[in-house]
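Structure first, commentary second.
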Amino acid sequence: DQQVKQNSPSLSVQEGRISILNCDYTNSMFDYFLWYKKYPAEGPTFLISISSIKDKNEDGRFTVFLNKSAKHLSLHIVPSQPGDSAVYFCAAKGLAGSARQLTFGSGTQLTVLP
Amino acid sequence: DTEVTQTPKHLVMGMTNKKSLKCEQHMGHRAMYWYKQKAKKPPELMFVYSYEKLSINESVPSRFSPECPNSSLLNLHLHALQPEDSALYLCASSQDIDRVNQPQHFGDGTRLSIL
């Protein structure tokens, strides 16, 4: 039972345009959401996070949006750069029960074309 | 640069060998984790240590044996592994397992191949 889902295995975007990566979750106990970026032969790198008390968090070119009622979050990258090409994992956690450990989505491979 | 250091980066071993993976962090974090990641899959949690004590074992086979000698170090001892254990093994740390709003920071992993 996948509690965190990334339904798009891959996404291609032109350099300079916006990249939008999506993530859905089912466990209502989740209240902290993260995005990690992973290059081949490296570990996941923490990118940005959002607490459930917010609906938006911005850090430079990266913005994460959270829609709690829809159990949906998205990562916007503007403008996209070729160096952003990587696998992006959405992850979630909460304080109690099955939500206590970090749960990852299956990842989306982003390719930014020059 | 990653603040979680894992050694070795690559390891090839036979099914009868004994080897250890090492992980070190100097961020003062009190929670440390082992994950296993297969190709094109998300990381899967194996073990969690909190304040140097084993807190969670996700039903991992006994051929994997974790050890936390001190708050900065985490080892994973390997013995009699199977070919299906070939994967990327990731170590991570966070401030505290009970703090929700804190990210885990990952090392670059050890790529393990079992012959």
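The values are calculated or read from the model by the stated rules, or taken from the named source; none is laboratory data. Quantities reported herein were computed from a predicted structural model and do not represent experimental measurements. Cβ sites come from the backbone with ideal geometry, for glycine too, and all protein chains shown count toward neighbours.
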Return yes or no: is A:LEU66 at pLDDT 95 or above, buried (at least 18 other Cβ atoms within 10 Å of the Cβ), part of a strand (DSSP E or B) and touching a Cys at 6+ places or on another chain (Cβ under 7 Å)? no
What are the residues in region B:95-115 that are within 13 Å of the chain's Cα centre (by Cα) and more than 8 Å from chain A (Cβ to nearest Cβ), if any? B:THR110, B:LEU112
Subset tally (residues that are surrounded by fewer than 19 Cβ atoms within 10 Å (Cβ to Cβ), within 14 Å of another protein chain (Cβ to nearest Cβ) and within 18 Å of A:SER10 (Cα to Cα)) for region A:96-114: 2
Is it the case that some residue within region A:33-46 is charged (D, E, K, R), surrounded by 15 or more Cβ atoms within 10 Å (Cβ to Cβ), in contact with a strand residue (DSSP E or B) (Cβ under 6 Å, 6 or more places away or on another chain) and more than 28 Å from B:CYS23 (Cα to Cα)? no
The one condition in (1) in a loop (DSSP other than H, G, I, E, B); (2) within 25 Å of B:TYR89 (Cα to Cα) that A:ILE53 fails to fulfil: (2)
Can A:TYR39 be described as more than 9 Å from chain B (Cβ to nearest Cβ) and closer than 26 Å to B:VAL4 by Cβ? yes
Filtered residues of region A:19-68 (kept if in contact (Cβ under 8 Å) with a residue 12 or more places away in the chain and closer than 21 Å to B:LYS38 by Cα): A:CYS23, A:LEU34, A:TRP35, A:TYR36, A:LYS37, A:LYS38, A:TYR39, A:PRO44, A:PHE46
Quick check on region B:67-86: of everything there that is in contact (Cβ under 8 Å) with a residue 60 or more places away in the chain and surrounded by 16 or more Cβ atoms within 10 Å (Cβ to Cβ), which residue is nearest to the chain's Cα centre (by Cα)? B:LEU78
Search region B:25-59 for residues being surrounded by fewer than 17 Cβ atoms within 10 Å (Cβ to Cβ) and of a type in the set (A, V, I, L, M), and hand back the single one that is nearest to B:GLN95 (Cα to Cα). B:MET27
What is the one condition in (1) closer than 23 Å to B:SER94 by Cβ; (2) touching a Pro at 6+ places or on another chain (Cβ under 7 Å) that A:PRO114 does not satisfy? (1)
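Can you pull out every residue in region A:43-83 that is β-branched (Val, Ile, Thr) and within 14 Å of another protein chain (Cβ to nearest Cβ)? If you could, list the steps in order and put the result at the bottom.
At the first step, the residues of region A:43-83 found to be β-branched (Val, Ile, Thr) are A:45, A:48, A:50, A:53, A:63-64, A:77-78.
Residues satisfying the conditions are A:THR45, A:ILE48, A:ILE50, A:ILE53, A:VAL64.
Limited to region A:17-30, what total is found for residues that are within 11 Å of chain B (Cβ to nearest Cβ) and either over 17 Å from A:ASP55 (Cα atoms) or surrounded by fewer than 18 Cβ atoms within 10 Å (Cβ to Cβ) (or both)? Before the answer, list the steps.
Here is the first cut: in region A:17-30, the ones within 11 Å of chain B (Cβ to nearest Cβ) are A:29-30.
Restricting the remaining residues to those that are either over 17 Å from A:ASP55 (Cα atoms) or surrounded by fewer than 18 Cβ atoms within 10 Å (Cβ to Cβ) (or both) gives A:29.
Of the residues in that region, 1 qualify.
If you go through region B:10-30 one residue at a time, do you hit one that is in a strand (DSSP E or B), within 24 Å of A:ALA99 (Cβ to Cβ) and either in contact (Cβ under 8 Å) with a residue 24 or more places away in the chain or within 11 Å of chain A (Cβ to nearest Cβ) (or both)? Steps first, please.
Within region B:10-30, the first condition is being in a strand (DSSP E or B), and the residues that meet it are B:10-13, B:18-25.
From the residues that got through so far, the ones that are within 24 Å of A:ALA99 (Cβ to Cβ) too are none.
No.
Look at region A:69-95 and say how many of its residues are surrounded by fewer than 16 Cβ atoms within 10 Å (Cβ to Cβ), outside any strand (DSSP E or B) and not polar (S, T, N, Q).
Kept after step one, since they are surrounded by fewer than 16 Cβ atoms within 10 Å (Cβ to Cβ), are these residues of region A:69-95: A:69-70, A:72, A:78-79, A:81-83, A:95.
Now narrow it down to the ones that are outside any strand (DSSP E or B): A:69-70, A:78-79, A:81-83, A:95.
Among the residues that remain, those that are also not polar (S, T, N, Q) are: A:70, A:78-79, A:82-83, A:95.
Total meeting the criteria: 6.
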Find the residue count for region A:13-48, including only residues that are more than 14 Å from A:VAL87 (Cα to Cα), among the charged types (D, E, K, R) and part of a loop (DSSP other than H, G, I, E, B). 3
